[in-house]
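Before any comments, here is the structure.
Nothing in this text is a laboratory measurement; each read-out follows from the coordinates by a stated rule. Treat the numbers as computed from the prediction; the structure is a model and nothing was measured. Here the Cβ positions follow ideal geometry from the backbone for every residue, glycine too, while neighbour counts run over all protein chains shown.
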Amino acid sequence: MNKNDWKQIDDAEKAALEVLKHNAIGPFLGLPRTAGWGYPEPYTRDLLIALPGMLLTGDKDLVNQMRRVLMTLSENQSEHGHIPSLVHDPEDRGASDTTPLFLVGLSIFRIFTGEKEFLKDAANKALSWMSHQSPTDGVLIAQQPTTDWRDEQWVTGYGIYVNTLVYSYLRFFGLDDKAEEFRNFMDYFKICGGEIHAHVHNVLAAENKPYYVFWSFKVYSSERFDLLGNSLAILSGLAPLKRAREIISWINIECENLKKRGDLAVDLPPNFFPYIRKEDPDWLGRYEEYNMPGEYHNGGIWPFIIGFYIAALVAAEEYQLAEKKLLVMTDLIKKSSDNSLSFGFNEWIKAQNGEVRGQDWQTWSAAMYIYAAHCVRDRNTPFFDKIRN
């Protein structure tokens, strides 16, 4: 990249820091807010996903707020170790990803501060909770529909996103025997074949499909592609380097296919594809209102997920592609619902036309931009390098 490119990125990072500082103190116990105006609540998953980028700013106030988030979560942890969906509300429970996110976020905070024993009791309780979330008493974690970040989309049984978080915290906590056991169960996430899922495979261009499937449980599964889960698989080292590069190549091919069909207008991958359409067997009536093809969880482009995707490109040593996608992301985060903003850091973007549809000044959008920029600039992946290498 040239000097002008880096100048654009530097300006965007400064804008992201402004967003994070604006959102640092909200109306609920002074905890950070999830978005500048639309979401004043301290949503657990949003703030824990934002944590790595928050720490990399080096801003003492933001670091202290992340400490407060982790401590408050530990205080509101259930008797059995479950982490609530809202940082300040011990009664708001039921999420499948908040407890593994807490373990990952706590591990990253410990690495950043050097406090190896920070919230040790809370960590042990969370590990105990997670050990009871497998129907087979194994290492793969099962979940109920709409309990992870996709609160308007069904993931049934073993979801790739939540389980990549499980693999990550096993590595962070040095539970390497469990992590290796986890690898042995990854057959659950392999492509089974085109006959059962013709509604998926008939619209994919590449014959080789190296990615990990969306979810699987017993005889049922969804072979659609989850960008966040696969990016975390690469970033954490769950996907070996050769497979990581195959997944990235596959994404490029399929995104070109989406563009040719008029299903993608941005040079970045949707969070999920092929999109679920009304004629598909996995379509649900509620999607008509919240999850139309190319929108929201059903194929919307989410800047925070693009941050993970760019980090995964760096992890796979695809440096030039990572630089290219970071520049596209830099243009994307300028879009906003409020035209008075120079940078929107919006929640999500409609895939077919690139229009913003979510809330501006989203905390995790700003934080993951900072994380992605650090990855590209330094050609490493802070914190995750330790478990991948």
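Remarks
- Point-to-point label distance, E79-D137, nm (Cα→Cβ direction, 7 Å offset): 2.4 nm
- Kirkwood hydrodynamic radius of the chain, from the reciprocal of the average inverse Cα-Cα distance over all distinct pairs: 20.8 Å.
- Distances between placed amide hydrogens fall under 5 Å for D148 paired with S96, all partners being 5 or more residues away or on another chain.
- Whole-Å semi-axes of the ellipsoid equivalent to the range 144-203 (Cα gyration tensor, √5λ, descending): 26, 17, 8
- If you run the Gaussian network model on the chain, springs between alpha carbon atoms under 10 Å, then out of V314, V328, V376 the most flexible one is V328.
- Straight-line cross-link partners of K120 among the aspartates and glutamates, defined as a Cα under 16 Å from its Cα and at least 8 positions apart when in the same chain: E75, E79.
- Around F182: net Lys/Arg minus Asp/Glu count, Cβ-Cβ under 11 Å: -1
- With a threshold of 31 Å on the Cα-Cα distance, the over-threshold entries among K190/K260; K14/K178; K209/K260; K278/K324; K260/K334 are K14/K178; K278/K324.
- The chain, relative contact order in percent, only Cα pairs under 8 angstrom and at least six apart counted: 18 percent
- Ranking W6, W361, L103 by Cα position along the charge dipole of the chain, where only Lys, Arg, Asp and Glu carry charges on their C-beta atoms, puts W6 farthest toward the positive end.
- For the range 3-388, the Cβ-based charge dipole about the Cα centre amounts to some 720 debye (Lys, Arg positive; Asp, Glu negative; other atoms uncharged).
- Considering all different alpha carbon pairs of the range 78-135, the Kirkwood hydrodynamic radius works out to 11.8 Å.
- Of the trypsin sites (Lys or Arg not before Pro) in the range 236-312, the ones in a loop by DSSP (not H, G, I, E or B) with at most 13 other beta carbons within 10 Å are R261, K278, R286.
- Remark: spin-label model distance K278-K242 equals 4.6 nm, labels positioned 7 Å along the Cα→Cβ axis.
- With R₀ fixed at 41 Å, the C-beta to C-beta distance from Y290 to K7 puts the FRET efficiency at about 0.60.
- Label point distance in nm, N208-K116, each placed 7 Å from Cα along Cα→Cβ: 4.2 nm
- Stretched out straight at 0.36 nm per residue, the stretch from R93 to E180 would grow longer than its current Cα-Cα span by 28.3 nm.
- Ordered by the number of other Cβ atoms lying within 10 Å of each residue's own Cβ, fewest first, Y188, Y275 fall into the sequence Y188, Y275.
- Mean projected area (nm²) of the alpha-carbon convex hull when the range 1-127 is viewed from all directions: 8.7 nm²
- With viscosity 0.692 mPa s and temperature 37 °C, the Kirkwood radius over alpha carbon pairs of the range 166-300 converts through Stokes-Einstein to a diffusion coefficient of 206 µm²/s.
- Low-density loop cleavage sites - trypsin sites (Lys or Arg not before Pro) in the range 78-171, where at most 16 other Cβ are within 10 Å (DSSP): R93, K116
- Gaussian network model of the chain, Cα within-10 Å springs - most flexible of T113, T330, T98: T113
- Computed from the C-beta positions of N124 and K386, the FRET efficiency with R₀ = 35 Å rounds to 0.95.
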